[in-house]
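Undergrad: My questions all concern the structure below.
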Amino acid sequence: MYLIVGLGNPGQKYSMNRHNIGFMACDYWLKSLNGDGLREEHKALTKKFKIDDQEVLLAKPQTYMNKSGESVLALMNFYKIPKENLLVIHDDIDLPFGSMRLQYNRSPGGQNGVKNISELLGHNEYARLKLGVGRPTHPDFAISDYVLSNFSQDEIPVLNHYLKTACDAIESFIFEGLNKASTKFNAAVKFDSIKIK
């Protein structure tokens, strides 16, 4: 079984925040698979399903970002998920909006949800899909406020395409493995004629 975890904060007021792009990717993927009926378990909203021959558990921790590890650890232990089958999806301010990185065994950096997961698991030996949200253009805009702000009007038109590409990367991780998926998706998303200002 694969455990695919999207990070974010629960509640409608956070739903379009940059910090919630992990939740957005999970929701988009589930919708594309015609799935619904999330259940609550181990401090997360989850959905278990099969895609082709692979069993997948999709999870959105409901503990708020900084305690995401509580849910991830509980789900890993309960379902006996091997660490190589864990993928954590989260925002990354050091990547420009429209780019992504699939990586394994990296330090959490400044992402507090990932930091909590690594602390509670006791290691960094799991895969992450880092989705770029960029940095604020104004130096006085605090990073904490920026990630809790909504995507801009310039970003909204391409968000669906970005999330679709993220979902393709998730499926590539499951069916082709981390190395091949990294080669295919560790680059900027192509928006064709759509330009982000």
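The values are calculated or read from the model by the stated rules, or taken from the named source; none is laboratory data. On a predicted model such as this, the values are computed, not experimentally measured, just so you know. Don't worry about glycine lacking a Cβ; one is built from the backbone with ideal geometry, like all the others, and counts go over all protein chains shown. Protein only, heavy atoms only, side chains kept; ligands, DNA and RNA dropped before computing areas. Shrake-Rupley method; radii C 1.70, N 1.55, O 1.52, S 1.80 Å.
Undergrad: If the label point is 7 Å along Cα→Cβ of Leu178, which residues in the stretch 113-152 have backbone nitrogen under 19 Å from it?
TA: Hits in the stretch 113-152 for Leu178 at 19 Å: 113-132.
Undergrad: Give me, ordered by chain and number, the residues 5 or more places off Ala127 or on other chains with an amide H under 5 Å from its own placed amide H.
TA: Amide H neighbours of Ala127: Leu86, Val88.
Undergrad: Output the antiparallel fraction of DSSP beta bridges having both residues in the stretch 1-74, as a percent to the nearest 5. Provide the component values of the computation, followed by the final result.
TA: Working: 11 of 15 bridges.
Around 75 percent of the beta bridges assigned by DSSP in the stretch 1-74 are antiparallel ones.
Undergrad: Tell me, what HN-Hα J-couplings in whole Hz come from the Karplus equation 6.51 cos²θ - 1.76 cosθ + 1.60 at θ = phi - 60° for each residue of the stretch 17-34, using x for Gly and Pro?
TA: 5, 4, 5, 9, 5, x, 4, 4, 5, 4, 4, 5, 5, 4, 5, 5, 8, 6
Undergrad: If I model a spin label as a point 7 Å beyond the Cα along the Cα-Cβ vector, how far apart are those points for Lys50 and Ser149 in nm?
TA: Output for this residue pair reads 4.7 nm.
Undergrad: On to the next question. Check cross-link reach from Lys80 to the lysines: straight Cα distance under 24 Å, and skip same-chain residues fewer than eight apart.
TA: Correct list for Lys80: Lys43, Lys47, Lys48, Lys50, Lys60, Lys67, Lys115.
Undergrad: Rg and Dmax of the stretch 1-49 over Cα atoms: what are they, in angstrom?
TA: So, for the stretch 1-49, Rg and Dmax equal 10.9, 32 Å respectively.
Undergrad: In a Gaussian network model over the chain where Cα atoms closer than 10 Å are linked, find which of Gly134, Gly113, Gly11 has the largest mean-square fluctuation.
TA: Gly11
Undergrad: Helix-derived [θ] at 222 nm for the chain: sum -39500 (n - 2.57) over DSSP H runs of at least 4, divide by residue count, nearest 500?
TA: -10500 deg cm²/dmol
Undergrad: In terms of modelled amide H atoms, which long-range or inter-chain residues lie less than 5 Å from the amide H of Ala44?
TA: Gln62
Undergrad: In addition: How many angstrom lie between the Cα centre of the stretch 7-60 and the Cα centre of the stretch 108-153?
TA: Result: 18 Å between the Cα centres.
Undergrad: So with the 1.4 Å probe, I'd like the accessible area per residue for the chain, rounded to whole Å².
TA: 50
Undergrad: Sticking with this one: Residue by residue through the stretch 127-143, what is 3J(HN,Hα) from phi via Karplus (6.51 cos²θ - 1.76 cosθ + 1.60, θ = phi - 60°)? Round to whole Hz and write x for glycine and proline.
TA: 8, 10, 10, 8, 9, x, 10, x, 10, x, 6, 9, x, 8, 7, 4, 4
Undergrad: Now for a separate question. Using modelled amide H (1.01 Å from N, peptide plane; none on Pro or chain starts), what sits under 5 Å from the amide H of Ala187, excluding residues fewer than 5 places away?
TA: Met100
Undergrad: Tell me, what ³J(HN,Hα) does each residue in the stretch 164-171 have, in order and in whole Hz, if you take phi through Karplus 6.51 cos²θ - 1.76 cosθ + 1.60 with θ = phi - 60° and put x for Gly and Pro?
TA: 4, 5, 4, 5, 4, 5, 4, 5
Undergrad: Please report, as a whole percent, how much of the solvent-accessible surface of the chain comes from carbon and sulfur atoms (probe radius 1.4 Å). Mind showing how you got there, number by number?
TA: Numbers: 4680 of 9750 Å².
Carbon and sulfur atoms account for 48 percent of the accessible area of the chain.
Undergrad: Excluding same-chain residues fewer than 8 positions from Lys164, which aspartates and glutamates have a Cα within less than 20 Å of its Cα?
TA: Result set, ordered by chain and number: Asp27, Asp36, Asp52, Asp91, Asp92, Asp154, Glu155, Glu176, Asp192.
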